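What follows is a short report on a single structure.
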Amino acid sequence: MKISSVISFPSLPEKLENFTEVKEYLTKLNAAIYDYVQDIYNEFNGKIDTSNLFCTIVTVSDTGSAGADFAVTHNLGHSAIYYIPNINSTPSGAIYLYKGATTWTVNIAYLKCNLANQSVTFLVFT
């Protein structure tokens, strides 16, 4: 099975006249997204080797100055390659996180944030 790189969204009517039409469209959209995620699940289920995957959840309580490197200490013992900020964090605005200039080590990753003094939780993995 080959997974499509795009979801086949149902076409959006030019004008939704009432709540029933909105509900019907959202039902079709939900089904399209579910089918796409199910295709991904079916393709990869049982086929991903996690024996070399190391991950941890880390909270940085203060990112410091805007645009400055801040340390994300993960103690994985392996150089981290990816991070996913927790969307349930409650930043004080729209934040953007990006790789810092400092070289990552086996226990610390360095990121930057566009806003100062944010508290952010991450999933960090190798």
(request) Considering every residue within segment 31-38, establish whether at least one is among the small types (Gly, Ala, Ser) and surrounded by 11 or more Cβ atoms within 10 Å (Cβ to Cβ). (result) yes
(request) Can you give me the ranges of the strands (runs of 3 or more DSSP E) entirely in segment 29-126 with at least 3 residues that are modelled with pLDDT under 85 and more than 30 Å from Pro13 (Cβ to Cβ)? (result) 82-85, 120-125
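The values are calculated or read from the model by the stated rules, or taken from the named source; none is laboratory data. This one's a predicted model, so the numbers in the text were calculated from it and none came from an experiment. No Cβ is skipped: glycine too gets one built from the backbone with ideal geometry, and neighbour counts run over all protein chains shown.
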